[in-house]
Amino acid sequence: MTGEAVAFYALSAMLVVSALAVVLSKNLFHAVLWLALALTGTAGIFLLLDAEFLAAVQLLLYAGGVVTIVVFAIVVTERLVGETITQTNRRIAGGALVCGALLWLLITTVLERPLATERPIMPDDLTKAIGESVLTRFVLPFELLAVLMLAALLGAIYFARPEE
Amino acid sequence: MTFDLGMPLLAEVALFALAVLVLIVGLITQGNAHQRIGWLTLIGLVGVLGLTFVATEGASLFSLSFVQDDFALFAKRLFIVATMVSLLGSLTLRHSTFARRSAEYHFAILSSLVGMMVLASARDLVLIFVAFELMSIPLYVLTGFLKRDSTTSEAALKFFLVGTVSSAVIAYGMSFIYGVTGSTALEAIGPALADGSPLMVLGMTMLFAGLSFKIAAFPFHMWAPDAYEAASTPFVAWLAVAPKAAGFVAIIRLYVEGAGSTSLMWMPMVAAIAGMTIVTGNLMAIPQSNIKRLLAYSGIAHIGYMLIGLAAFSSSGVAMMLFYLVAYLFGNMGAFMVVEAVAQSESSDGIDAYKGLAQRSPLLALAMLIFLLSLGGIPFVAGFWAKLYVFWAAIERGLYGLVFLGAVLTVVALYYYLLVARRMYIETSDRTDPIPVPGLLGLAIVICLIGVIGIGVYPGPWVDMALRVASTLF
């Protein structure tokens, strides 16, 4: 087994365990910490696939930004509500059934016709190539995201501001 | 590239400029700006609608990922007309939230419309996804617009949760498609499906499930009645038509144009969803005592009828689905506008508020009756031809069972529509004073009436137009 394969299986095991812990831990705060680990593990997988830029973005935005915001949200709402928020897991059987069915579907689909194991030819400087495509072929969705941000921000402010 | 009024993306840019202008006007005006901003938006929309008529057909941008074909222009006009009818209605709203927060309301509507307009032209998975998000996120805000009402917040939250999950499912499905094809262009879908890749089929199936949320097809329809009941009625009239039409546009791009010669493989799935959607929508509508919930469930059933047209996967099937959308726009929006008129006077969305309406306001009752008959599919109003043509297209493909089911449930639909008519015409009310209809709301109702009766009496040009638009996709 090559070093890459060992790293892949180690990361995958970490991902599966942390992802399960996210949905199974009763304490919401613990779940968020597990989520941070799961997101970091995903960044590791990206790194293994030579996608350094994506790995960096994953760490910065998700493991960094999103998790921080969620922690803030938990702290603030707990103070407002005055009680510790727990995750309820009453529908765990149904959720497990759906997840199991989806997993079975995915595994059988991939086994039916395995995906190519060879890597496609990549540009030498992947980050530069991503930057170029974002400003050429994908410039419209890129600009549209700015409009989306504006609309989402306005919506969030609308709900957050106190009524005068 | 030289500037001309027909260039692609000009209408979208103009629309966004209008949205920003609305925001600025909202910031600088003191006090009640609802009328001023509403009129500004309406006049701006007339201009954008004009731009779609001078647009150069067949122009495209960004290596075919944004196309301005007949189909895109047809969809854009449909979205803009629906928005204008809705805004006519919302101009009459007297709620204090609209008086103070009119700029936010109109900005959200316009930015959602930008998303729909781009979606109509999008032929790239990334662009479709981003346009869908831009369309959806303002809708969640608008559903919860009357935020001091707790039922409104609950409905908006439900809509938001279901909507974001469906977006995640769409993104997950798209990732499989990209994994197999290595491209986000829609042209890559057909060859990969013809190759018979199982992962590709799984990706496209997931994508369809996600899109079914957006059009509120069975079994992903649960968000619709709650959202419709809680939000303001002129917005709901729009929510029931424009975003659904946008969802259908994306489905047609992906499963008809994108899948190309392999599109027939989706027939069993779409036919099954169509059948279940019709049955659920119509049966759930019967026990409703709130007119907005009734129209929500009947709207779900109408989505099912449109899916019958899609299930034919033929040029005429898609054309008749587009024709159905136009008929549904006028019939459904008209009915919601009458609901708004009655609700403004009676402060109730209950069906019992319609008791004796024919004596109190005969014209309003007649308008409602015509809209309901159109939705039910009675001859000489638009809905009749819509249902007939959709069935016809399905029969051409041998979908006899589906057409039979649809025809049987049309009778069920007529039953609950006529329950409302019975309250209006047969039952009497203690009150005899007429229901005051604000002028602009009356105008919106009249526009919808002209649409419903005009198409019903003289459907030829509309059918020809739908056939022409659909033929470019095959």
Item to check | For region A:123-164, size of Cβ-based charge dipole, Lys and Arg +1, Asp and Glu -1, in debye | outcome: 60
Next on the checklist: Quick check on region A:19-78: take the gyration tensor over C-alpha atoms, sort the square-rooted eigenvalues as a ≥ b ≥ c, and tell me if it's rounded (a/c under 1.5), prolate or oblate.
Outcome noted: oblate
Checklist entry - In what order, largest first, do B:Trp238, A:Trp104, A:Trp34 sit by accessible area if the probe radius is 1.4 Å? => result A:Trp104, A:Trp34, B:Trp238
Item to check | For region B:346-415 versus region B:255-285, the gap between their alpha-carbon centres in whole angstrom | outcome: 21
Checklist outcome for this item: Over chain B, the quotient of the Cα radius of gyration and 2.2 N^0.38 Å is 0.93
Next on the checklist: If the only charges are +1 at each Lys and Arg Cβ and -1 at each Asp and Glu Cβ, what is the size of the charge dipole of chain A around the Cα centre, to the nearest 20 debye?
Outcome noted: 540
Checklist entry - Heavy-atom accessible area of A:Arg161 with all protein chains present, probe 1.4 Å, nearest 10 Å²? => result 90
Checklist entry - Which ³J(HN,Hα) values in Hz, rounded to whole numbers, follow from the phi angles of region B:113-126 under the Karplus curve 6.51 cos²θ - 1.76 cosθ + 1.60, where θ = phi - 60° and Gly and Pro get x? => result 5, 4, x, 5, 4, 5, 4, 4, 9, 6, 10, 8, 4, 4
Checklist entry - How many angstrom lie between the C-alpha centres of region A:98-164 and region B:454-469? => result 40
Next on the checklist: Report the gain in length on full extension from A:Leu24 to A:Leu105: 0.36 nm times residue separation, minus Cα-Cα distance, nm rounded to one decimal.
Outcome noted: 26.9 nm
Next on the checklist: Ignoring ligands, DNA and RNA, please state the percent of accessible area on region B:265-474 from carbon and sulfur, probe 1.4 Å.
Outcome noted: 71
Item to check | Using θ = phi - 60° and Karplus 6.51 cos²θ - 1.76 cosθ + 1.60, couplings along region B:414-429 (whole Hz; Gly, Pro as x) | outcome: 4, 4, 6, 5, 6, 4, 5, 4, 5, 4, 6, 9, 9, 6, 10, 10
Checklist outcome for this item: The lysines whose Cα lies under 24 Å from the Cα of B:Lys355, excluding any fewer than 8 residues away in the same chain, are B:Lys292
Item to check | Karplus (6.51, -1.76, 1.60) ³J(HN,Hα), θ = phi - 60°, over region B:53-68, in Hz, Gly and Pro reported as x | outcome: 8, 9, 5, 6, 6, x, 6, 8, 9, 6, 6, 6, 7, 10, 10, 10
Next on the checklist: If DNA, RNA and ligands are ignored and the probe is 1.4 Å, what is the ranking of B:Asp124, B:Asp464 by accessible area, most exposed first?
Outcome noted: B:Asp464, B:Asp124
Checklist outcome for this item: Along principal axes, largest first, the alpha-carbon spread of the protein assembly as shown in whole Å comes out as 85, 61, 58
Checklist entry - What number, in nm² with one decimal, is the all-direction average of the projected area of the convex hull of the alpha-carbon atoms of region B:376-467? => result 8.1
Checklist entry - If you take the accessible area of A alone, add that of B alone, and subtract the area of the pair, what total do you get in Å², probe 1.4 Å, to the nearest 100? => result 3100
Checklist entry - Which shape class, rounded, prolate or oblate, goes with region B:265-474 when its Cα gyration tensor gives a ≥ b ≥ c as root eigenvalues, a/c under 1.5 marks rounded, and past that a/b bigger than b/c marks prolate? => result prolate
Item to check | Per residue value of the accessible surface for region B:265-474 (all protein chains in place, 1.4 Å probe), Å² | outcome: 36
Next on the checklist: Given axes a ≥ b ≥ c from the Cα gyration tensor, I'd like to know whether region B:89-148 is rounded (a/c under 1.5), prolate (a/b larger than b/c) or oblate.
Outcome noted: prolate
Checklist entry - Amide H neighbours of B:Ile435 under 5 Å, counting only residues 5+ apart in sequence or on other chains, H built in-plane at 1.01 Å? => result B:Ser361
Checklist entry - What pairs from A:Lys26/B:Lys214; A:Lys128/B:Lys158; B:Lys76/B:Lys387; B:Lys147/B:Lys387 go past 30 Å between their alpha carbons? => result A:Lys26/B:Lys214; A:Lys128/B:Lys158; B:Lys147/B:Lys387
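The values are calculated or read from the model by the stated rules, or taken from the named source; none is laboratory data. None of the values given here were measured: they were computed from a predicted structure. Quick reminder, even Gly has a Cβ in these numbers, built from the backbone with ideal geometry, and neighbours come from all protein chains shown. Side chains included, ligands, DNA and RNA excluded: accessible areas come from the protein's heavy atoms. Shrake-Rupley method; radii C 1.70, N 1.55, O 1.52, S 1.80 Å.
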